[in-house]
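To start, the structure under review is shown below, and the notes come after it.
The values are calculated or read from the model by the stated rules, or taken from the named source; none is laboratory data. Predicted model, so just to flag it, every value in this text is computed and none were measured. Cβ sites come from the backbone with ideal geometry, for glycine too, and all protein chains shown count toward neighbours. Protein only, heavy atoms only, side chains kept; ligands, DNA and RNA dropped before computing areas. Shrake-Rupley method; radii C 1.70, N 1.55, O 1.52, S 1.80 Å.
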Amino acid sequence: DLEISNYSTSLDYVSGAAITTSAKKFGTGSLVLNGTSDYVESSTTLEKYNFGGDDFTVDWWEYRLSASSGKSVISRSTSASFPPFLFGYSDGTNLRAFITSNGSSWDIANNKNMGTITTGAWTHYAITREGDTYRTYKNGVQQDTWTSSLDIYSSTDNLSIGKYVTNYFTGYIDEVRMIKGYAEYTSAFSVKTRQYLMSGINWSVEKFGGIDISDDITFTATPGGVGLDIVAVNNNASDGYMSI
């Protein structure tokens, strides 16, 4: 799964990567990457990957088979040495997060800790921004925090999963999620015990308050590999909550 803001997007280029049913955290399969050439990327709705000064949440499950340095999960560019953000980068011992505001230095986040690398087991990692505060988590436990008021650099390059410049992730990735506009994790939490059931932000009274926007939600269902992919879009100009 890949979720962006309040609608889902597609990964429209695949290099060698495949979906395997032999390993998965939830559902029926996961993305398998061989560590030498496999990755996937998206060239659609790229503005949704440009977080700027917005709050955000990025998280995923991984089953890493190699802790070798340079292997990362998410890069906001397929080729730039300083992509806007680089998450799940291995230094051989820990996973790291890097973020730039200028495309030439890691002035927002430089080598921030996302937790020790676990190989051979499913592990959840997350990074959020709430206002000027960034936080990272491993299996729901906070690993690092820092502040920056700078906007994240914007890019027109494709976003990639599994590739950073010439380095490639080795293992399995499942439940990749990216939310623009909301920091879901701001303190220690219990990781999910089931797959995400809807694309995008979970609107609720607790998160946003405001008005009932149930009548302003449009649902679109399209056939997927094992069922229906259902997308919910908020057509109201206001944040609020919905009940279904």
Check VAL176: other-chain or 5+ apart residues with amide H under 5 Å from its amide H, H built from backbone geometry?
TRP61
Leaving ligands and nucleic acids out of the surface, order ASP59, ASP54, ASP215, ASP144 by accessible area at 1.4 Å, largest first.
ASP215, ASP54, ASP144, ASP59
For the stretch 128-143, take each phi angle, set θ = phi - 60°, evaluate the Karplus expression 6.51 cos²θ - 1.76 cosθ + 1.60, and give the result in whole Hz per residue in order, putting x for glycine and proline.
9, 10, 10, x, 9, 9, 9, 9, 10, 9, 10, 6, x, 9, 5, 10
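Using a ≥ b ≥ c from the Cα gyration tensor of the stretch 58-143 (square roots of the eigenvalues), is it rounded, prolate or oblate, where a/c under 1.5 gives rounded and otherwise the larger of a/b and b/c decides, a/b for prolate?
Details: a/c = 2.03, a/b = 1.30, b/c = 1.57.
Here the stretch 58-143 falls in the oblate category.
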From the cross-link list LYS25/LYS163; LYS48/LYS138; LYS24/LYS48; LYS25/LYS112; LYS138/LYS192, which pairs have alpha carbons spaced over 23 Å apart?
LYS48/LYS138; LYS24/LYS48; LYS25/LYS112
Tell me, what is the 1.4 Å probe accessible area of GLU184, in Å² to the nearest 10?
40 Å²
How high is the FRET efficiency from ASN139 to SER81, r the C-beta distance, R0 30 Å, rounded to 0.05?
0.50
Enumerate the amide H contacts of GLN143 below 5 Å, restricted to partners 5 or more residues apart or on another chain; note that Pro and chain-start residues carry no placed amide H.
THR136, TYR137, LYS138
Solvent-accessible surface ranking, highest first, for THR45, THR193 at 1.4 angstrom:
THR193, THR45
